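Since the structure comes first, as structure tokens, the remarks are kept for the end.
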Amino acid sequence: QVQLVESGGGMVQPGGSLRLTCVASGISFSVHSIYWYRQTPGTERELVAGIFRSGSTMYAVSVKGRFAISRDNAENTVYLQMNNLKPDDTTVYYCTAKRVNVYWGQGSQVTVSS
């Protein structure tokens, strides 16, 4: 059974930082590309960041320079370090693993508010 479990969300003031963690089980983690998406109900899902088998990364323009994605294959874990958070970053963040199939986590709420 494949599971992706996100954690690390919460509430933070503008300018603050959070680190999201996604732990995978049931898959060969190192051969999957891992992505973070975010989505507010009623809006389109937005790709935030991705990290590939090679370790190369990609970011949405809206988060480039503020967010950093990394992975630890030994721990089947991917991280999303989020710095200089803005109110517009408020939403639910989802971890996905893709190779042939696509697997989703349950989501982690991030709220940026003063």
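The values are calculated or read from the model by the stated rules, or taken from the named source; none is laboratory data. These numbers were taken from a predicted model, which means no experiment stands behind them. So basically every Cβ, Gly included, is an ideal-geometry build from the backbone, and we count neighbours across all protein chains shown. Just the protein is used for accessible areas: all its heavy atoms, side chains included, with ligands, DNA and RNA removed. Shrake-Rupley method; radii C 1.70, N 1.55, O 1.52, S 1.80 Å.
Tabulated values for the structure
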quantity: Looking only at the range 37-58, and only at residues there that are touching a Phe, Trp or Tyr at 6+ places or on another chain (Cβ under 6 Å) and not in a loop (DSSP other than H, G, I, E, B), the one that is surrounded by the fewest Cβ atoms within 10 Å (Cβ to Cβ); calculated: 47
quantity: Among residues of the range 88-107, those that are assigned to a strand (DSSP E or B) and either of a type in the set (Phe, Trp, Tyr) or in contact (Cβ under 8 Å) with a residue 40 or more places away in the chain (or both), counted; calculated: 10
quantity: Of the criteria (1) closer than 19 Å to residue 104 by Cβ; (2) open to solvent by less than 60 Å² (accessible area, probe 1.4 Å); (3) touching a Phe, Trp or Tyr at 6+ places or on another chain (Cβ under 9 Å), which one residue 29 fails; calculated: (3)
quantity: Of the criteria (1) assigned to a loop (DSSP other than H, G, I, E, B); (2) in contact (Cβ under 8 Å) with a residue 24 or more places away in the chain, which one residue 110 fails; calculated: (1)
quantity: Check on residue 33, more than 12 Å from residue 91 (Cα to Cα) and in contact with a Lys or Arg (Cβ under 6 Å, 6 or more places away or on another chain); calculated: yes
quantity: Selection status of residue 19, open to solvent by 60 Å² or more (accessible area, probe 1.4 Å) and part of a strand (DSSP E or B); calculated: yes
quantity: Filtered residues of the range 59-100 (kept if among the aromatic types (Phe, Trp, Tyr) and either surrounded by fewer than 19 Cβ atoms within 10 Å (Cβ to Cβ) or under 15 Å from residue 29 (Cα atoms) (or both)); calculated: 59, 79
quantity: Residue in the range 22-35 that is within 25 Å of residue 114 (Cβ to Cβ) and in contact with a strand residue (DSSP E or B) (Cβ under 7 Å, 6 or more places away or on another chain) present; calculated: no
